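Here, each number is a calculation from the coordinates, and none is a lab measurement. These numbers were taken from a predicted model, which means no experiment stands behind them. When we count neighbours, we look across all protein chains shown, and the Cβ atoms used for this are built from the backbone with ideal geometry, even at glycine.
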Amino acid sequence: MNLDPNADPGASRRPSAEVAEVARAVEDAIRQLARMTVDRSSMTPADVDVVLVSLASGIAALRQATAQLSDILDQARNDYVLSTDDLTESTDPDFTLDTARLHLDAVRQPAVEIYRHLDAAHQQTARLSATDHAHVHREDGESYYPQAIVRPRLEDRQPPTTHRLGQSRGPAR
C-alpha cells in the first residue's frame with residue numbers, strides 16, 4: 001500500500017495485475033470472436049476484412065509481447081529467489097525458467113507467419129465488395145434476380161479508426 005499523500009490513488013494497483021487483466025481480456029475477446037462468428041450469415045467479405053486487420057495487428061504485437069515476457073523471466077533470476085513446486089519434473093528453477101523462455105522464443109516465428117497470412121487474407125478481402133441478390137419468383141414460377149442490393153463496407157458505415165485500414169502496421173521488431 002502506498003502511503004505517500006501526493007501519490008495517485010489509482011496507482012495502488014500493481015502493474016503486473018494490470019498486465020494479467022489485459023491478457024485475460026485478450027483471451028475473452030478471442031473466445032467472443034469465435035462465438036460470434038459461428039452465426040456468420042450477416043457478415044460480408046468487407047466485415048471479415050475489418051476483423052482480419054484487427055487480428056493481424058494484434059498478432060504483430062504478440063511477437064514483441066512474448067519477447068518482453070521472456071526478458072522478464074530472465075530478469076527474475078536476479079530479482080528473486082526462485083524455487084519449483086512438487087508438480088514439475090525438474091527441481092532446478094533455472095532449468096524450468098529457461099524451458100519457459102525457450103517456449104516463448106518459439107512463438108516469435110510462428111507469430112510472424114500468422115501475421116503474414118492474416119495480412120495476405122486482408123489484402124485479398126479488401127478488394128471484394130458484396131451484393132445481396134433480391135431473389136424473386138415470376139408468375140410462371142421461374143426465379144430471377146432483378147436487382148442487386150449493395151451493402152456498404154463496414155469502414156464506410158463507421159467513423160475511421162486511428163490507423164488507415166488499407167495499410168498494415170507490420171509485425172513488431
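Of the trypsin sites (Lys or Arg not before Pro) in the stretch 6-110, the ones in a loop by DSSP (not H, G, I, E or B) with at most 16 other beta carbons within 10 Å are Arg13, Arg40.
Under the combined filter of DSSP loop state and at most 10 neighbouring Cβ atoms within 10 Å, the stretch 13-95 retains these GluC sites (Glu not before Pro): Glu89. At an R0 of 35 angstrom, the distance between the Cβ atoms of Asp92 and Ala29 translates into a FRET efficiency of 0.45.
Semi-axes of the equivalent ellipsoid of the stretch 12-134 are 39, 16, 13 Å, computed as sqrt(5λ) over the eigenvalues of the C-alpha gyration tensor in descending order.
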